[in-house]
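S.K.: Take a look at the following structure, please.
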Ligand SMILES: [Zn+2]
Ligand SMILES: [Zn+2]
């Protein structure tokens, strides 16, 4: 029997369908689907591993489990082992069961470093039970799940590439060692325990640095006022139009006032100039340009863009989305692809491309492994779900654009002199949309200006006017921009970048979109930059990426030397961290402390109570030492002072809920801060929580909850009645069914899904009030 191992179940099914001509049947082995068929070559089995199913891990033993600073050096030098990934032992069993019966093996995992490594892992798992396969294993490499590609790959089987697999393996080992050592070290130093540990990653920390550096620039920005001068002129056609003074910005108000006063009727058109602009069609998509473009054109994150692209690839609609290539290889069936695409009404505007020889644009990067991302199957986008449809459409339109003509626009500028002051107006019209006809995202709307001639006299329409403005700080980096900079600086790989950004969100180093660093994120980066710069900047990690490239290319570097070098680096970096231990701890602590503050305590404000330094008392998240539970309390509280503020509020526990600040002071009731709450590890929108129980938003939320519960109760009664009826009809047939048990699960489940957690009662006390939290209402 020939065993074929793929990366995903979906690709296993597609490959079986194509190679068997539809004859393959699905069987289950330890719950893993295995596709089987027989033909003149014998029996065939295909199964997908669902990505990695074994992982690199530290050996068993207390010295590797315990989080202690003294154990870090030993952890770094530990000999890593390979073990099963939790919940995937069944995959190993299924693979080995098939391998035992196999006399040949084909590795058909994704064609990139990670796929090569998964292939190598699969091979090793197979050889454990059937060493004979060593003599007969091959590699199938394909870039799309289409008939041509798959048949081509299986009739030209190649060898597994150890350099490629080892490059991915080196990354796995290095990231495991680096992440474990510094996550433990920094968490221990900053005393951030349990669920609040501080994750530190080789690529993650310099990426955080990009975001923080921009934030620091924004904070350092000095707002500088300036003035812009505008005037309106009447046009013989009856309409009037707006013009801007030739001086872009007046930095001096007096100068602007002088220019305004000097502006006088009539305006005389001094010059009208036009210029044609040619904008070249875009180059084929590789992963990076796709992530950046999808993110900015469709308003989704690079991570979402990659997820949708992966789905589209698994469905056989686009080619492999992880590629560096921006040049179509000669082997691609370009004409055939365009022919089938333009049959779809949405893309019919590109049909004219087939009238002339195809001359696609090309980018700078070539990679023989994969073609640029292109559509492998023509279909109506409306056949796909919302965002997936838009991503597919973007890929098709971009593909068609790369064969299209440039876009030609004409911009016109007219200068008008009025009493010695010059004003101008600018317009832009599209003469030939070219590629923007199909790549509609690039098309800008025309800004037409009225027809003007030199020497023409125009009267002012009303008085000119000044607009006062101020310089703005540089914008925060969008996720698309971040991915682009990471690419330029060699941070991460095309496959890992979106996940790294995601991690910054889940560890609460950044929040909002575009990402904005939290106080913890800022403090951590600033502490690293000062005391352990290797962890903060991109140089070191970019060097490592370069070394991994060398492993992949089969040059002098081996996996062992690169991992060993990086171990040395971890040791020395860790020593440096310990030298600055006290300072790093203080800085990170201060950041985490700042992030706990939710907003000012209104009760203290009303009572005139302030902190020793005169700053207002703040409500902040506190973790009770004894119970470990979190609650909200006032910084004005003092254990022995009966007059001090004792405001406290229960809150959703951080172990189960993500709590992020929304408003320092509720915009509805103005009594307490408001936060967003989201159940951990579950999709769905967060709900807004005001700590003031009497806030109209909370009253409304309780009423809605009561309505929901009443509706559920009614439904449950109905079901019970229904159940009784059934029971009477089924009487005597069997022993008792257990409808009662269902009752409790329904209630528990409904409580969970109803959104807001049970928080007890929160009341805002007026100044002087002395009720304790959890008391019932008046
Ligand atoms: Zn207070
Ligand atoms: Zn409120």
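S.K.: Is it the case that some residue within region 364-373 is out of contact with any strand residue (DSSP E or B) (no Cβ under 7 Å at 6 or more places or on another chain), part of a loop (DSSP other than H, G, I, E, B) and crowded, with 19+ Cβ neighbours inside 10 Å?
M.R.: Residues of region 364-373 that are out of contact with any strand residue (DSSP E or B) (no Cβ under 7 Å at 6 or more places or on another chain), as a first pass: 364-371.
Still in the list and also part of a loop (DSSP other than H, G, I, E, B): 364-371.
Checking the rest, the ones that are also crowded, with 19+ Cβ neighbours inside 10 Å come to 370-371.
Among the residues of region 364-373, at least one is out of contact with any strand residue (DSSP E or B) (no Cβ under 7 Å at 6 or more places or on another chain), part of a loop (DSSP other than H, G, I, E, B) and crowded, with 19+ Cβ neighbours inside 10 Å, which makes the answer yes.
S.K.: Taking residue 405, is it in contact (Cβ under 8 Å) with a residue 60 or more places away in the chain and within 20 Å of residue 358 (Cα to Cα)? Steps first, answer last, please.
M.R.: Details: in contact (Cβ under 8 Å) with a residue 60 or more places away in the chain: yes; within 20 Å of residue 358 (Cα to Cα): yes.
Here the answer is yes, as residue 405 does meet what is asked.
S.K.: Using the structure shown, decide if residue 619 is part of a helix (DSSP H, G or I) and surrounded by 18 or more Cβ atoms within 10 Å (Cβ to Cβ). Steps first, please.
M.R.: Working: part of a helix (DSSP H, G or I): no; surrounded by 18 or more Cβ atoms within 10 Å (Cβ to Cβ): yes.
Judged against the criteria, residue 619 is not a match.
S.K.: Taking residue 551 as the residue in question, decide whether it is surrounded by 14 or more Cβ atoms within 10 Å (Cβ to Cβ) and within 22 Å of residue 509 (Cβ to Cβ).
M.R.: Details: surrounded by 14 or more Cβ atoms within 10 Å (Cβ to Cβ): yes; within 22 Å of residue 509 (Cβ to Cβ): no.
Taking the combined requirement at face value, the residue does not satisfy it.
S.K.: If you go through region 684-697 one residue at a time, how many are touching a residue at least 60 places away in the same chain (Cβ under 8 Å) and within 7 Å of ligand 2 (Cβ to nearest atom)?
M.R.: 1
S.K.: Now a separate question. With in contact with a strand residue (DSSP E or B) (Cβ under 9 Å, 6 or more places away or on another chain) and assigned to a helix (DSSP H, G or I) as the only criterion, which of 209, 169 stands out? Show your work before the answer.
M.R.: On the way: 209 fails: in contact with a strand residue (DSSP E or B) (Cβ under 9 Å, 6 or more places away or on another chain).
Unique residue meeting the criteria: 169.
S.K.: Moving on. State all residues of region 665-683 that are farther than 17 Å from residue 622 by Cβ and within 16 Å of ligand 2 (Cβ to nearest atom); if no residue qualifies, say none. Break it down stepwise before answering.
M.R.: Step one: of region 665-683, the residues farther than 17 Å from residue 622 by Cβ are 665-671, 674, 676-683.
Across region 665-683, the qualifying residues are 665, 666, 667, 668, 669, 670, 671, 674, 676, 677.
S.K.: Give region 66-84 a look and list any residue that's outside any loop (DSSP other than H, G, I, E, B) and either surrounded by 12 or more Cβ atoms within 10 Å (Cβ to Cβ) or touching a residue at least 24 places away in the same chain (Cβ under 8 Å) (or both), or say none.
M.R.: Taking region 66-84 first, the residues outside any loop (DSSP other than H, G, I, E, B) are 69-77, 81-84.
The answer is 69, 71, 72, 73, 74, 75, 76, 77, 81, 82, 83, 84.
S.K.: Surrounded by fewer than 21 Cβ atoms within 10 Å (Cβ to Cβ), touching a helix residue (DSSP H, G or I) at 6+ places or on another chain (Cβ under 6 Å) and outside any helix (DSSP H, G or I): does that describe residue 473?
M.R.: Details: surrounded by fewer than 21 Cβ atoms within 10 Å (Cβ to Cβ): yes; touching a helix residue (DSSP H, G or I) at 6+ places or on another chain (Cβ under 6 Å): yes; outside any helix (DSSP H, G or I): yes.
So residue 473 passes the test.
S.K.: Taking the options 566, 572, name whichever one is buried (at least 21 other Cβ atoms within 10 Å of the Cβ), outside any strand (DSSP E or B) and either within 16 Å of ligand 1 (Cβ to nearest atom) or modelled with pLDDT of 90 or more (or both). It would help to see each step written out before you state the result.
M.R.: Working: 572 fails: buried (at least 21 other Cβ atoms within 10 Å of the Cβ).
Matching residue, one of 566, 572: 566.
S.K.: Only one of 452, 466, 482, 431 is crowded, with 18+ Cβ neighbours inside 10 Å and outside any loop (DSSP other than H, G, I, E, B); which? Full working, then the answer.
M.R.: Details: 452 fails: outside any loop (DSSP other than H, G, I, E, B); 466 fails: crowded, with 18+ Cβ neighbours inside 10 Å; 431 fails: crowded, with 18+ Cβ neighbours inside 10 Å.
Testing whether each residue is crowded, with 18+ Cβ neighbours inside 10 Å and outside any loop (DSSP other than H, G, I, E, B) leaves just 482.
S.K.: Let me ask something else about it. If we scan region 584-600, do we find a residue that is without any contact (Cβ under 8 Å) to a residue 60 or more places away in the chain and either more than 27 Å from residue 654 (Cβ to Cβ) or within 16 Å of ligand 2 (Cβ to nearest atom) (or both)?
M.R.: no
S.K.: Could you please let me know if residue 616 is within 16 Å of ligand 1 (Cβ to nearest atom) and in contact with a helix residue (DSSP H, G or I) (Cβ under 9 Å, 6 or more places away or on another chain)? Quick ask: steps written out before the conclusion?
M.R.: Numbers: within 16 Å of ligand 1 (Cβ to nearest atom): yes; in contact with a helix residue (DSSP H, G or I) (Cβ under 9 Å, 6 or more places away or on another chain): yes.
Answer is yes for this residue.
S.K.: Here's a check for you: in region 114-163, which residue that is under 29 Å from residue 378 (Cα atoms) and under 30 Å from the mean Cα position of the chain (by Cα) is surrounded by the most Cβ atoms within 10 Å (Cβ to Cβ)?
M.R.: 145
S.K.: Related question: Which condition number does residue 208 fail, the rest of (1) farther than 30 Å from residue 361 by Cβ; (2) touching a helix residue (DSSP H, G or I) at 6+ places or on another chain (Cβ under 8 Å); (3) at pLDDT below 95 being met?
M.R.: The single condition residue 208 does not satisfy is (3).
S.K.: To continue, here is another question. Can you say whether residue 549 is closer than 30 Å to residue 114 by Cα, away from ligand 1 (no atom under 16 Å from the Cβ) and not in a loop (DSSP other than H, G, I, E, B), as far as the supplied structure shows?
M.R.: Values: closer than 30 Å to residue 114 by Cα: yes; away from ligand 1 (no atom under 16 Å from the Cβ): yes; not in a loop (DSSP other than H, G, I, E, B): yes.
Here the answer is yes, as residue 549 does meet what is asked.
S.K.: Related question: Given the residues 108, 87, 61, which is the only one that is more than 28 Å from residue 496 (Cα to Cα) and either without any contact (Cβ under 8 Å) to a residue 60 or more places away in the chain or touching a strand residue (DSSP E or B) at 6+ places or on another chain (Cβ under 7 Å) (or both)? Give the derivation first.
M.R.: Numbers: 108 fails: more than 28 Å from residue 496 (Cα to Cα); 87 fails: more than 28 Å from residue 496 (Cα to Cα).
It is 61.
S.K.: Go over the candidates 338, 327 one by one and state the one that is out of contact with any strand residue (DSSP E or B) (no Cβ under 8 Å at 6 or more places or on another chain) and either over 18 Å from residue 148 (Cβ atoms) or exposed (fewer than 15 other Cβ atoms within 10 Å of the Cβ) (or both).
M.R.: Numbers: 338 fails: either over 18 Å from residue 148 (Cβ atoms) or exposed (fewer than 15 other Cβ atoms within 10 Å of the Cβ) (or both).
Sole residue among the options that is out of contact with any strand residue (DSSP E or B) (no Cβ under 8 Å at 6 or more places or on another chain) and either over 18 Å from residue 148 (Cβ atoms) or exposed (fewer than 15 other Cβ atoms within 10 Å of the Cβ) (or both): 327.
S.K.: Moving on to the next point. Quick one: would you say residue 486 is in contact with a helix residue (DSSP H, G or I) (Cβ under 7 Å, 6 or more places away or on another chain) and within 22 Å of residue 654 (Cβ to Cβ)? Break it down into steps so the answer makes sense when it comes.
M.R.: On the way: in contact with a helix residue (DSSP H, G or I) (Cβ under 7 Å, 6 or more places away or on another chain): yes; within 22 Å of residue 654 (Cβ to Cβ): no.
No; evaluated as a whole, the condition is false for this residue.
S.K.: Now for a different question. Go through 557, 535 for me and flag whichever is out of contact with any strand residue (DSSP E or B) (no Cβ under 9 Å at 6 or more places or on another chain), closer than 18 Å to residue 500 by Cα and crowded, with 19+ Cβ neighbours inside 10 Å.
M.R.: Details: 557 fails: closer than 18 Å to residue 500 by Cα.
None of the other options fit; the residue is 535.
Rundown of residues vs (1) modelled with pLDDT of 95 or more; (2) more than 21 Å from residue 488 (Cβ to Cβ), yes/no style:
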{"site": "298", "(1), (2)": "no, yes"}
{"site": "301", "(1), (2)": "no, no"}
{"site": "315", "(1), (2)": "no, yes"}
{"site": "325", "(1), (2)": "no, no"}
{"site": "330", "(1), (2)": "no, yes"}
{"site": "338", "(1), (2)": "yes, yes"}
{"site": "341", "(1), (2)": "yes, yes"}
{"site": "362", "(1), (2)": "no, no"}
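The values are calculated or read from the model by the stated rules, or taken from the named source; none is laboratory data. None of the values given here were measured: they were computed from a predicted structure. So basically every Cβ, Gly included, is an ideal-geometry build from the backbone, and we count neighbours across all protein chains shown.
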